[in-house]
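Please read the structure below before turning to the comments.
The values are calculated or read from the model by the stated rules, or taken from the named source; none is laboratory data. No experiment lies behind these values; they were computed from the predicted model shown. FYI the Cβ positions are ideal-geometry reconstructions off the backbone, even for glycines, and counts take in every protein chain you see. For accessibility, only protein heavy atoms count, side chains too; no ligands or nucleic acids. Shrake-Rupley method; radii C 1.70, N 1.55, O 1.52, S 1.80 Å.
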Amino acid sequence: MNRLNPTVPADQYLADSNVLFYLNDAVIQLLEHKEEYNQFGVIRYFAEYFSSVKNSNHVLFREFNYIQATPHNRASFIRVFWKCYRQIGKSGDLLSMLEYRSLLQLLCPDFPVVLVQSAARIAVMDDTIDCLMSFSDFLYAFQLQFYYQEFLDCVLVIYQDLLAEENNKEERPQDGVEPSTLAQCIDALCDRSKHSHPPRSCMREILNQTDRISYYSFLMSLAKQEAINQTIGVLPSKAELLIDPEMDQELDKLIAQIVVSPSSNSSSSAVGGLKEVQKKASPRRNIHHRRRMEVESDGSTEETDSSEN
């Protein structure tokens, strides 16, 4: 999140950092569950709420309207998704669109399937979305689609209009559009758009490399750009995506606990690290003592009212 800068006007800082949005949400949560907060006090509640926002743990198990409300929330959710399911990439498993939807809905129960489908189309370049996808391919496609959703929706409308115009002029349907024309339209869109958009230099570089381009080939190339990772500031490069010594230590501890437990299931899931992440979930989750979700070896969820050991 943006740090307070004395040179930035107060109104601009409040708008850029979305502080008022988070303050409003914190107050709403406080009023809805005020009886639970009497145990430790309002000051501690606000301290833990904003600490969780700063540490990007605040989006875990929240509703979709909340996780998409600000750029920081979107980036935080991408980070949580990567951290929770990184082991899938390490194991080399290929999953379907429906399986990725299930994983996302473990973190956000009302996450819309249409966004998962769009990310899958980017990953497989609009081939059948029933194709199996690697974790890294889906993750980078999902990052692009989720973070820049509104901008990409506008680009799709522009692309469809350009394609329709070209098909009206030609006898045979065209495969893609002229990159130079698309580049001009995207440039104009960036000038008037209020939504976040990928760096212009990235988009121009891709569009300057080919004679014809389709919408999904353009997005697939964008998803692979390192500058996208640097701009959003959440995911590392593909070479470093699966490297996380701290998480490896947590998983080793978890595996050790499973091994020594007489009631443990011998077949652990690739997403078993989710349980450890949940223990570090947002204070809102811990304070409310809401149901805990454990990922079983078959990918299903189990609800319980008791605390974890």
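Looking at Q149, is it modelled with pLDDT of 95 or more and open to solvent by less than 70 Å² (accessible area, probe 1.4 Å)? When the stated conditions are applied, Q149 passes them. When the stretch 67-109 is filtered for residues that are open to solvent by 10 Å² or more (accessible area, probe 1.4 Å), in a loop (DSSP other than H, G, I, E, B) and of a type in the set (S, T, Y), only S96 remains. Whether a residue is free of Cβ contacts under 8 Å to residues at least 24 places away in the same chain and either small (G, A, S) or farther than 25 Å from Q68 by Cβ (or both) was assessed, and N167 passes this test.
Taking the stretch 110-122 as the range and being open to solvent by less than 20 Å² (accessible area, probe 1.4 Å) and in contact (Cβ under 8 Å) with a residue 60 or more places away in the chain as the test, only I122 passes. Pairing each residue of the stretch 201-222 that is under 18 Å from Q160 (Cβ atoms) and in contact (Cβ under 8 Å) with a residue 12 or more places away in the chain with any residue that is assigned to a loop (DSSP other than H, G, I, E, B) and open to solvent by less than 10 Å² (accessible area, probe 1.4 Å), provided the two are 6+ apart or on different chains, yields C-beta distances under 9 Å for R212/G176; I213/G176; S214/G176; Y215/G176; S217/G176; F218/G176; L222/Y148; L222/P198.
In this structure, G233 does not satisfy being more than 22 Å from Y147 (Cα to Cα) and in contact (Cβ under 8 Å) with a residue 40 or more places away in the chain.
What helices (runs of 4 or more DSSP H) lie completely within the stretch 1-66 and have 1 or more residues being closer than 30 Å to V113 by Cα? Don't jump to the end; show me each part of the working.
On the way: elements: 10-17, 19-32, 34-37, 42-54.
The qualifying helices (runs of 4 or more DSSP H) are 10-17, 19-32, 42-54.
Per the listing I243, I186, I232, the residue uniquely closer than 30 Å to A15 by Cβ, modelled with pLDDT of 65 or more and under 21 Å from the mean Cα position of the chain (by Cα) is I232.
Spot the failing condition for T128; the list is (1) closer than 19 Å to Q225 by Cα; (2) of a type in the set (S, T, Y); (3) open to solvent by 30 Å² or more (accessible area, probe 1.4 Å), and only one is missed. The number of the failed condition is (1). Any residue at all in the stretch 61-68 that's closer than 30 Å to D248 by Cβ and of a type outside the set (D, E, K, R)? Checking the stretch 61-68: at least one residue is closer than 30 Å to D248 by Cβ and of a type outside the set (D, E, K, R). Within the stretch 46-103, being free of Cβ contacts under 8 Å to residues at least 12 places away in the same chain and over 16 Å from the mean Cα position of the chain (by Cα) holds for A47, L98.
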